[in-house]
Structures are given as C-alpha cells and as structure tokens.
Amino acid sequence: MIALTLRQKRLFAMLADGATHSVIEIAMRLRIADPRSEIRNLRNKGVNVLDYWEAGRDGKYKRYYIPR
C-alpha cells in the first residue's frame, strides 16, 4: 500500500468518486491552496490520476479524475 498523507487521502477519495473535478472545485471543497502540486505528488507515488482539457467561457482548463 502506498503511504499517503491525510491531504492526499482526501484528494484521492475525491478524484476516485467517479466524477471529474477542476482545480477550483478541488481547492474549494478540500481547502487545498495548490491542488496541482498534490496531484503531482499522488502521481509521483504511482497513483493513476488522469486529466483532460475542457473548453470554458474564459478559455481552457483541466479536469482531473482517477479511473475506476
């Protein structure tokens, strides 16, 4: 089993819930100032965090998720 911090465990649970999440959604829900660095840390620990670009009103942004 991979050793995750409490913050990483909460992020893992959110990303694995079957939905996709933007950085803003993650920051607001989990109160993580820089979710992208925590996503990078999860990936470095071997967690398969996927993302894709989505077009919005003001430009593109990424949505993150862990496949089931």
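Here is how the numbers come out for the structure above:
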quantity	calculated
Cα extents of the chain along the three principal axes, largest first (Å)	40, 24, 19
Percentage relative contact order, the chain, counting C-alpha pairs under 8 Å, at least six apart	38
Residue-normalised accessible area of the chain, given per residue in Å² at a 1.4 Å probe	70
Length gained when the stretch residue 7-residue 36 is fully extended (0.36 nm per residue, less Cα-Cα span)	9.2 nm
Carbon and sulfur %, accessible surface of the chain computed with the full protein complex present, 1.4 Å	53
Reachable lysines from residue 45, criterion Cα separation under 20 angstrom, eight or more residues apart if same chain	9
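The values are calculated or read from the model by the stated rules, or taken from the named source; none is laboratory data. Note that this is a predicted model, so its numbers are computed, not measured. Ligands, DNA and RNA are stripped out before the accessible areas are found, and what is left, the full protein with its side chains, is counted by its heavy atoms. Shrake-Rupley method; radii C 1.70, N 1.55, O 1.52, S 1.80 Å.
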